[in-house]
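What follows draws every value from the coordinates through simple rules; no lab data is involved. As the structure is a prediction and not an experimental result, all values here were calculated from the model. Don't worry about glycine lacking a Cβ; one is built from the backbone with ideal geometry, like all the others, and counts go over all protein chains shown.
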Amino acid sequence: MNNPDNPLYGFPKTVEHFSAFGSLEYRISFPALTPLRAKIAEAFGYGLATLGGYGLFQHLQGRADAAGDFAPGIAFGFLFTYPAWQWLCRWALTKTTRLTLSVDAVRIRRWHGWQKFDRTLPHSFALLRHDKTRQEERKNDFKVRRAQADGEVILPKEYYGRSLHLVLDYVGHRIDITEIMGAKKAQTVLARLNAIDAILDRQSHHGSGMALAPTDDWGRDPGEV
């Protein structure tokens, strides 16, 4: 879907594919950072920025082998290298999720292969509050109260509170697809999946669906080019 005029253009990447028998399927893929991977990326970013900044600081001071002045090195590292290291770590730890939707199946790519579900059975896609949000809120509340007791003011970071579960509601069962950090990105993915679901419903005559072009109101014969 590389045509900007097509409703399925842009994020998440969506590829329309016709099999040799003329059956339509959509291949969706999107990168997203999970809350756990975001925490790991931040930890790695801190460590790499500290080491890299300190080494650069010592080099600029002409004392690359010196062991002192560690505090200035840390400050230098965070000021000039942390944003780059954090971006690199986040990019490296980003998870790509892949799904394939056809008239009769929903396929989700797992580490061990493709997991298939019968799309003709009752199903829907949804976003749910992350399961660990409440636990994170309690921990952050405790940190804030403890800091206040010490006369300090802190603003704990949220990871799970900013994340959502993308799930497939399959005949009343919750099938977790992935975790997405960032509500806007999650809602964009959900909107795309729901749009494709409507297109496939139209294709299979199971529902009114939606047409992307006038020709979509006509059938597509097997083997048609």
>> P(r) for the range 3-50, please, calculated from all Cα pair distances in 5 Å bins and given in %.
In response: 5, 16, 14, 13, 12, 9, 10, 9, 7, 3, 2, 0
>> Please rank Phe30, Phe117, Phe11, fewest neighbouring Cβ atoms within 10 Å first, as an exposure proxy.
In response: Phe11, Phe117, Phe30
>> In Å, what Kirkwood hydrodynamic radius results for the range 141-206 from the alpha-carbon pair distances?
In response: 15.1 Å
>> Just want the ordering: Thr96, Thr188, from fewest to most Cβ atoms lying within 10 Å of their own Cβ.
In response: Thr96, Thr188
> Between Ser19 and Leu128, what is the spin-label point distance in nm, taking each point 7 Å from the Cα along the Cα→C-beta axis?
Replying inline: 3.0 nm
> By count of other Cβ within 10 Å, fewest leading, how are Thr120, Thr50 ordered?
Replying inline: Thr120, Thr50
>> What FRET efficiency comes out for Lys157 versus Gln115 if R0 is 25 angstrom and r is the Cβ-Cβ distance? Round to the nearest 0.05.
In response: 0.15
> Please identify the GluC sites (Glu not before Pro) of the range 100-195 that satisfy two criteria: DSSP loop assignment and at most 10 other Cβ atoms within 10 Å. Which are they?
Replying inline: Glu152
